[in-house]
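Heads up: the structure comes next, in structure tokens.
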Amino acid sequence: MLNVKAEYSPLKKVVVASPGKEKYRLTPKTLYELQYAEIPDPVELKKEHDEFVQKMKNEGIDVVNVREEILKMSKNELISLILESSECQLNESALENLNKEELADILISGLTAVEAKKLGSILIPEDEEFCIKPLENIMFTRDPGMVIGKTYIKGKMRWESRRREPDLLVKILKPENVLEARKGYFEGGDFFPIDGKLLMGFGTRSSALGLSYVLPRLKEMGEIDEAILVRLETPELHPNKGIGHLDTVMGVPAKDVIIYYKNYLDNVKVYLYKGSDIIRDQRPLREVLKDYLSKDLRVVNIGNAEYYDEEREHWLLASNIIVIDTNKIIAYEHNRITNKLLEEVGIKVITFKGNEIIKEGGERSGPRCMTMPLIKQ
């Protein structure tokens, strides 16, 4: 059963993907393709992710792990997925001799030409050539799929390196009611459900075409009646700032509280989807949100909107939090100024170290990036 009411609703069930051997595939040459900031330490990365997952389990949250779910598949299902993913002619009989753990590793961590040759494929044995590219970003389960109400939205990824992820998650989770984003791009980091309405970013990762396809279909299905759309300008307009998904610049820890990157968000364009039309709203985003969240909305400015603190804590993803209960979140411990401001307005902040995790994911990644809520009510 799927049911996500609002971003700030208590979290009951969530999907994560523990990092594994794919993290050992990262090299300076692959950083550009993946748009990573730098290469993390795989051992410390795993420790940080384990700590994060344990903190959710400590709160009684049902945590579904992608790797564990893959191992529940039959060998035939795994081999079929591998063959579908491969750009080389693989030796199917050799794959049948592997155990499920080995097959799962191939599916997630990829298969080089050297490894494929050892399995009987006729290939030039070059380590840098992949028959199956690693799913380096599978740890960030937020983006390839999302739930609003009882509908699962199958995302459409902007980056080529992530385009296998939506199909894989659908095959693992087997949701009953699926809306597929067939046009443009549509990613979960831009997606904030708020009680029958939707707050959505577009421009850098999700696209206007993607929103134009999904929004009317969500309305027809009865999952939303209105949407607030935030135009995230390309980084060229904001040099040296990592602007990716909407959750890299704002968060909604409670119905009457937002985390807000003031230096950036006060200057974005805001549109409203009402009826059958999309219209521009000239007000700053924080003023628009008062109509949809609370008239008494409290704005927690990242770094207290003090220039150096704001820029540093935005870069370190102070807004990228996961709400686990009413007025309770999990956040990175290093964003101390923003976390303190949240505590002052009544938000309980549970922290963990993410010094290696934050190096990943293009515009950097945080707790929200690593979770796909299935039940939030």
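Given the C-alpha centroids of region 115-157 and region 302-377, what is the distance between them in whole angstrom?
Rounded to whole Å, the Cα centres lie 27 Å apart.
With the cut-off at 18 Å, tell me which of the pairs LYS21/LYS154; LYS13/LYS55; LYS46/LYS348; LYS57/LYS328; LYS133/LYS183 have Cα atoms farther apart than that.
The pairs that break the limit, which is 18 Å between Cα atoms, are LYS21/LYS154; LYS46/LYS348; LYS133/LYS183.
Please rank TRP315, TRP159, fewest neighbouring Cβ atoms within 10 Å first, as an exposure proxy.
TRP159, TRP315
State the answer as a single residue: which of GLY201, GLY20, LEU119 lies farthest towards the positive end of the charge dipole of the chain, with beta carbon charges of +1 for Lys and Arg and -1 for Asp and Glu, about the Cα centre.
It is GLY201.
Share of antiparallel DSSP beta bridges in the chain, in percent to the nearest 5?
Bridges in the chain are about 55 percent antiparallel.
Over the chain, what is the relative contact order in percent, taking alpha-carbon pairs closer than 8 angstrom and at least six residues apart?
Computed over the chain, the figure is 23 percent.
Near the amide H of LEU179, under 5 Å away, which other amide H atoms are found, from residues 5 or more places off or on another chain, if H is placed in the peptide plane?
Amide H neighbours of LEU179: TYR152, ILE153, LYS154.
Of GLY244, GLY188, GLY203, which is the most mobile in a GNM of the chain whose springs link Cα atoms less than 10 angstrom apart?
In this elastic network of the chain, the residue with the biggest mean-square fluctuation among GLY244, GLY188, GLY203 is GLY203.
Rounded if a/c is under 1.5, else prolate if a/b is larger than b/c, else oblate: which is the chain, with a ≥ b ≥ c the root eigenvalues of its Cα gyration tensor?
Prolate, because a/c is 1.5 or more and a/b exceeds b/c.
Can you work out the Karplus-derived ³J(HN,Hα) for every residue in region 76-87? Use 6.51 cos²θ - 1.76 cosθ + 1.60 with θ = phi - 60°, whole Hz, and x for glycine or proline.
With the stated coefficients, region 76-87 comes to 4, 5, 5, 4, 4, 5, 5, 5, 5, 8, 7, 8 Hz.
For region 183-199, just list the computed ³J(HN,Hα) in residue order, Karplus coefficients 6.51, -1.76 and 1.60, θ = phi - 60°, integers in Hz, with x standing in for Gly and Pro.
10, x, 10, 8, 10, x, x, 9, 10, 10, x, 9, 6, x, 10, 9, 9
Could you tell me which of the pairs LYS197/LYS376; LYS29/LYS100; LYS150/LYS174 are separated by over 19 angstrom between their Cα atoms in the structure shown?
From LYS197/LYS376; LYS29/LYS100; LYS150/LYS174, over 19 Å: LYS29/LYS100.
With the chain treated as a Gaussian network of Cα nodes joined by springs under 10 Å, which of PRO193, PRO125, PRO42 yields the largest mean-square fluctuation?
PRO125
Once you sort the root eigenvalues of the Cα gyration tensor of region 332-376 as a ≥ b ≥ c, which label holds: rounded (a/c under 1.5), prolate (a/b larger than b/c) or oblate (the other case)?
oblate
Would you please classify the overall shape of region 68-132 from the alpha carbon gyration tensor, given that a ≥ b ≥ c denote the square roots of the eigenvalues, rounded means a/c under 1.5, and beyond that prolate means a/b larger than b/c while oblate covers the rest?
Prolate.
Charges only on Cβ, +1 for Lys and Arg, -1 for Asp and Glu: so what's the dipole of region 18-104 about the Cα centre, in debye to the nearest 20?
So the magnitude is around 140 debye.
Using DSSP, restrict attention to beta bridges with both residues in region 225-377 and report what percent are antiparallel, rounded to the nearest 5.
65
Starting from the amide H of THR351, placed 1.01 Å from N in the peptide plane, find each other amide H under 5 Å away whose residue is 5 or more places distant or on another chain.
Placed amide hydrogens put ALA331 under 5 Å from THR351.
5 Å is the cut-off here: which amide hydrogens, built 1.01 Å from N in the peptide plane, fall below it relative to GLY110, excluding neighbours closer than 5 in sequence?
LEU135
Along the charge dipole of the chain, pointing to its positive end and built from +1/-1 on Cβ of Lys, Arg, Asp and Glu, which listed residue (CYS369, ILE82, LEU2) has its Cα farthest out?
LEU2
To the nearest 20 Debye, how big is the dipole of the chain about its Cα centre, given +1 on the beta carbon of each Lys and Arg and -1 on that of each Asp and Glu?
In debye, rounded to 20, the chain gives about 920.
To the nearest 20 Debye, how big is the dipole of region 233-327 about its Cα centre, given +1 on the beta carbon of each Lys and Arg and -1 on that of each Asp and Glu?
That gives region 233-327 a dipole magnitude of about 300 debye.
For each of PHE130, PHE202, count neighbouring Cβ atoms within 10 Å of the residue's Cβ, then give the residues from fewest to most.
So the ranking, lowest neighbour count to highest, is PHE130, PHE202.
Taking only C-alpha pairs under 8 Å that are 6+ residues apart, what is the relative contact order of region 68-132 in percent?
About 35 percent, as a whole number.
Values in this text are rule-based calculations from the coordinates and carry no lab data. As the structure is a computational prediction, the values presented were derived from the model and not from experiment. Reconstructed Cβ throughout: ideal geometry from the backbone, glycine too, with neighbour counts over all protein chains shown.
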